[in-house]
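Take a look at the structure set out below.
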Amino acid sequence: MSDLLSPESTPTTLDADLRAELIAFRRDLHMHPELGNQEVRTTAVLKDRLERAGLAPRVLDTGTGLVCDIRPPGAEGPLLALRADIDALPIPDTKTVPYRSTVPGRAHACGHDVHATIVLGAGLMLTRLAGRGLLPRPVRLLFQPAEEVLPGGAQDVVDTGVLDGVGRILALHCDPKVDAGRIGVRVGAITSACDRIEVTLAGPGGHTARPHLTTDLVTAAAKVATEVPALIARRVDTRAGMAITWGRLTTGHAPNVIPQTAELSGTMRCLDLAAWRAAPDLVHAAVDEVAAMYRAKSEIKYIRGVPPVVNDAASTALLAEAMTARFGAQAVGETEQSLGGEDFSWYLEHVPGAMARLGVRPPGDASAAPRDIHQGDFDIDESAIGVGVDLLTGAALLS
């Protein structure tokens with residue numbers, strides 16, 4: 001089967017017509033971004049293209065997103081699932097390209113349009129191969145909504161039963177720090193856990209001339225902001241990489257009035273799965289202790305986000321093998337663990353699988369891509385689409 005994945009093999013190589021179609025398809029998605037659980041048009045155009053290929057996609061019970069099986073005659077064994085996320089971000093598109101977003105304040109600034117196009121392309125290729133008797137096992141295409149909405153749409157999708165019969169699940173994620181034509185792989189945790197923390201402090205308020213007669217909430221809020229992250233860092237193994245970063249602190253309205261309330265909100269990120277599970281109790285205790293020192297009453301909302309994506313060794317090896325067979329060993333590199341969150345982790349709580357980082361930077365030009373995702377000028381070298389399709393197609397053949 002690996003001979004089919006060689007660069008000279010025509011059955012599994014993306015042809016020029018389909019390559020051009022997929023680039024146009026991605027640009028269309030890029031022009032029409034939709035936020036999580038609102039991906040109505042995105043779902044419709046994906047469904048239409050799959051149906052024209054002779055497949056029978058089904059809209060997920062969540063209302064948007066799709067599941068679609070490719071079942072070759074006589075193929076047995078558990079399904080291999082290929083997952084793509086399809087939602088966009090509430091970020092203005094600042095690029096000056098013909099396929100710039102047509103929706104004000106909305107952009108595919110994380111590459112989900114690319115992910116969806118790649119899984120679509122892999123599905124079209126695998127359908128062709130199934131018709132020629134070259135697909136050894138059934139494959140499930142999964143187009144998931146609401147990845148950007150904590151705790152991620154994956155949880156709701158799993159609850160609909162999409163993993164029934166699935167033995168392994170694979171995914172790709174755009175990486176603008178890696179050249180197109182290459183991927184990054186990692187066994188074990190490849191992303192971080194990410195939760196949200198909201199803290200409200202309360203006190204009687206008063207005059208700034210007499211802080212000793214009341215609760216100085218501004219000082220209390222400042223101490224919570226600085227001391228809680230430091231306290232947490234001394235209560236967990238430093239190798240767990242648990243970090244709290246505040247994004248908002250709001251309190252007061254006048255320079256000579258001690259306020260009655262203060263609010264903080266931020267994120268807790270963690271590299272270790274066991275530490276992530278213990279995090280809510282640790283954060284509650286730390287906030288309560290610091291607030292009590294300044295006589296402030298504290299209320300904490302700890303909002304679970306996502307655990308780390310923990311790649312299975314066999315699934316990671318499968319992605320590496322498929323990439324090597326098609327593009328050579330130099331196309332595969334080790335990637336570091338990211339502090340970003342990704343709800344693909346919820347699938348891996350149920351079945352083994354792996355996510356690889358797909359290079360989307362113009363080869364050899366580090367200045368040509370933004371330094372990170374979630375920026376309004378995010379874009380890709382579109383040759384990465386064909387690379388992703390060939391990779392997932394190869395993985396399905398080797399699985």
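The values are calculated or read from the model by the stated rules, or taken from the named source; none is laboratory data. Note that this is a predicted model, so its numbers are computed, not measured. No Cβ is skipped: glycine too gets one built from the backbone with ideal geometry, and neighbour counts run over all protein chains shown. These area figures cover heavy atoms from the full protein model, side chains too; ligands, DNA and RNA do not enter into them. Shrake-Rupley method; radii C 1.70, N 1.55, O 1.52, S 1.80 Å.
A few comments on the model shown:
- The criterion of at least 1 residues that are in contact with an Asp or Glu (Cβ under 7 Å, 6 or more places away or on another chain) is met, among helices (runs of 4 or more DSSP H) falling completely within region 246-358, by 273-293, 313-327.
- When region 98-123 is filtered for residues that are among the aliphatic types (A, V, I, L, M) and either without any contact (Cβ under 8 Å) to a residue 12 or more places away in the chain or open to solvent by less than 40 Å² (accessible area, probe 1.4 Å) (or both), the ones remaining, listed by number, are Ala107, Ala109, Val114, Ala116, Ile118, Val119, Leu120, Ala122.
- Meets criteria (modelled with pLDDT under 95, under 20 Å from Val114 (Cα atoms), open to solvent by less than 40 Å² (accessible area, probe 1.4 Å) and touching a helix residue (DSSP H, G or I) at 6+ places or on another chain (Cβ under 9 Å)) for Pro370: no
- Sub-8 Å Cβ pairs linking a first residue in region 374-391 that is touching a residue at least 40 places away in the same chain (Cβ under 8 Å) to a second residue that is of a type in the set (Phe, Trp, Tyr), at least 6 apart or interchain, are Val387/Phe327; Asp390/Phe327, ordered by first then second residue.
- Applying a threshold of 8 Å to beta carbon distances and a minimum spacing of six or more residues, or different chains, the list of pairs starting in region 289-309 at a residue that is touching a residue at least 24 places away in the same chain (Cβ under 8 Å) and under 30 Å from His212 (Cβ atoms) and ending at one that is among the charged types (D, E, K, R) and not in a loop (DSSP other than H, G, I, E, B) reads Val290/Lys223; Val290/Glu227; Ala291/Lys297; Met293/Lys223; Tyr294/Lys223; Ser298/Asp288; Ile300/Glu198; Ile300/Asp288.
- Which numbered condition Ala254 misses (of (1) over 30 Å from Ser383 (Cβ atoms); (2) open to solvent by less than 10 Å² (accessible area, probe 1.4 Å); (3) at pLDDT 95 or above): (2)
- The residues of region 203-260 that are among the β-branched types (Val, Ile, Thr), free of Cβ contacts under 8 Å to residues at least 12 places away in the same chain and closer than 20 Å to Leu271 by Cβ amount to a single one, Thr238.
- Number of positions in region 138-166 that are crowded, with 20+ Cβ neighbours inside 10 Å and of a type in the set (Asp, Glu): 3
- Within region 1-36, the residues that satisfy the criterion of being part of a helix (DSSP H, G or I), of a type outside the set (Val, Ile, Thr), surrounded by fewer than 19 Cβ atoms within 10 Å (Cβ to Cβ) and modelled with pLDDT of 70 or more are Ala16, Asp17, Leu18, Arg19, Ala20, Glu21, Ala24, Arg27, Asp28, Met31.
- Region 308-334, residues that are open to solvent by 10 Å² or more (accessible area, probe 1.4 Å) and over 30 Å from Gln155 (Cβ atoms): Glu321, Thr324, Ala325, Arg326, Phe327, Gly328, Ala329, Gln330, Val332, Gly333
- Taken together, the residues in region 257-279 that are open to solvent by less than 80 Å² (accessible area, probe 1.4 Å) and closer than 24 Å to Asn311 by Cα amount to 12.
- Within region 167-199, the set of residues being in contact with an Asp or Glu (Cβ under 7 Å, 6 or more places away or on another chain) and open to solvent by 50 Å² or more (accessible area, probe 1.4 Å) comprises Arg186 only.
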